[in-house]
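Only the coordinates and a few stated rules stand behind these numbers; no lab work does. Model, not experiment: these values are computed from the prediction. Every residue, glycine among them, receives a Cβ derived from its backbone with ideal geometry; neighbour counts consider all protein chains shown.
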Amino acid sequence: MIELRQLTKRYRDTVAIDGLTFTVRPGRVTGFLGPNGAGKSTTMRMMLGLERPDEGDVRYHGKAYHELYEPLRHVGALLEAKALQNSRTAYNHLLWLARTNRIGRARVHEVLAMVGLESVSSRRTGGFSLGMGQRLGIAAALLGDPEVLLLDEPVNGLDPEGVRWIRTLLQGLAGEGRTVLVSSHLMSEMAITAEHLVVIGRGRLLADTSTDDFIADNCRPRVLVRTSEPDRLLGVLDHAGLTACQEEPGTVVVDGTGTEQVGRIAAEAGLVLGELATRTASLEDAFLRLTGDAAEYRSEAFTGGNRHVL
């Protein structure tokens, strides 16, 4: 497993990472989330010894990264997919990495086939698309058949088939008992792929919990109601002390309650309902609710001539 203990990094007067402590356990995919500027990339660079923390440390089964003999056999990483020497072929790029850790040529061919690049292994990487570069980066991470994988935005640039493939791959590797940490901004994909989440904001830990618990803890229950009398329904709900709004004609959304209470209130008022259903919160909803105050950059959306801060 991976242990981060009081990890801290400063850049002059700016504290980029502030006493970050969490554990990434084997046997599950852990999503590493945070808004832009939260410190995810800095944290992952420190995990690989590419940046030195001012305080704290990172341990892999009790050892620092620089203490690992032939580290590619222990930790596989993808941080920057296009960090390639453009004149090298895909095969030679992987062979060069393999030789640094005494990994044989057969494994190079094996991982090229795993990521679907065997047919272009003799092409120079300078001509690779973003998606091809991502696949080559994943091949490099898998090269040493490591027990730990650290991947930063692994689905970036992949087509739908590639996204499904990497999702299945990561879940399969975790199912073998490996430790998998994945950083991503794609909430819909993380909701499907990750069983556990570590969420940071402004360099601090905001959440370390299962994906299901994270959504439940950060989103109130909501009920969707369709009726031909939305105004009357809003009135009786308000009288009952419930918060509700009309999203579109004939559709009312009620906060902080369940279908049973809303159905009972409507029945007592003699209202006919066309639909009564629980609106399931998404990981994106929960993430935005938790990290809204921790976002470094906040944009404005244009809607119908009005500007709304997101």
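Taken over region 1-138, the alpha-carbon convex hull comes to 137 cubic angstrom per residue. A dipole drawn for the chain from +1 and -1 charges on Cβ atoms has a positive end, and of Met46, Asn36, Val262 the residue lying farthest that way is Met46. Once C-alpha pairs closer than 8 Å and six or more residues apart are averaged by separation and normalised to the residue number of the chain, the relative contact order reads 20 percent.
Students often get this wrong: which residues of region 45-72 have the backbone nitrogen under 15 Å from the point 7 angstrom along Cα-to-C-beta of Glu3? It comes to 56-65, nothing else.
Please order Met1, Met132, Met46 by the number of other Cβ within 10 Å, starting at the fewest.
Listed from fewest to most nearby Cβ atoms, that is Met1, Met132, Met46.
Compared with the dominant Cα axis of the chain, that is its longest principal axis, helix 130-142 is turned about 60°. As an exercise, take the mean of 1/r over every pair of distinct alpha carbons in region 125-264, invert it, and state the Kirkwood radius in angstroms. Result for region 125-264, one decimal place: 18.7 Å. Label positions at Tyr69 and Glu176, each projected 7 Å from the Cα along the C-beta direction, are separated by 2.2 nm.
As a calculated quantity, the FRET efficiency between Gln246 and Asp213 at R0 = 35 Å, using C-beta atoms, amounts to about 0.65. Across every direction, the projection of the convex hull enclosing the Cα atoms of region 124-173 has a mean area of 3.7 nm². Model label sites at Arg88 and His109, defined 7 Å from Cα along the beta-carbon direction, differ in position by 2.0 nm. Given the chain, what percent of its DSSP beta bridges are antiparallel, to the nearest 5? So the antiparallel bridges in the chain amount to around 70 percent. Principal-axis analysis of the Cα atoms of the chain puts helix 90-100 at an angle of about 70° to the longest axis. Excluding same-chain neighbours fewer than eight residues apart, the aspartates and glutamates reachable from Lys82 by a Cα-Cα span under 14 Å are Asp152, Glu153.
Between Glu161 and Met187, 0.36 nm times their residue separation minus their Cα-Cα distance comes to what? Can you show the working numbers first?
Numbers: separation 26, 0.36 × 26 = 9.36 nm, distance 1.79 nm.
Once the chain is fully extended between Glu161 and Met187, it gains 7.6 nm.
By the rule of a C-alpha distance below 19 Å, with chain neighbours fewer than 8 residues away ignored, the aspartates and glutamates paired with Lys63 are Glu3, Glu51, Asp54, Glu55, Asp145, Glu147. Using C-alpha pairs under 8 Å with a sequence gap of at least 6, the mean separation divided by the residue count of region 8-158 gives a relative contact order of 25 percent. Charging the Cβ of each Asp and Glu at -1 and of each Lys and Arg at +1, and nothing else, the dipole of the chain about its Cα centre rounds to 1460 debye.
Hey, could you get me the Stokes-Einstein D for the chain, Kirkwood radius over alpha-carbon pairs, 20 °C and 1.002 mPa s, rounded to whole µm² s⁻¹? Show your work: numbers first, answer last.
Numbers: Rh = 22.1 Å.
Once the numbers are plugged in, D ends up at 97 µm²/s.
Note: relative contact order over region 122-243, using C-alpha pairs below 8 Å and six or more positions apart, is 16 percent.
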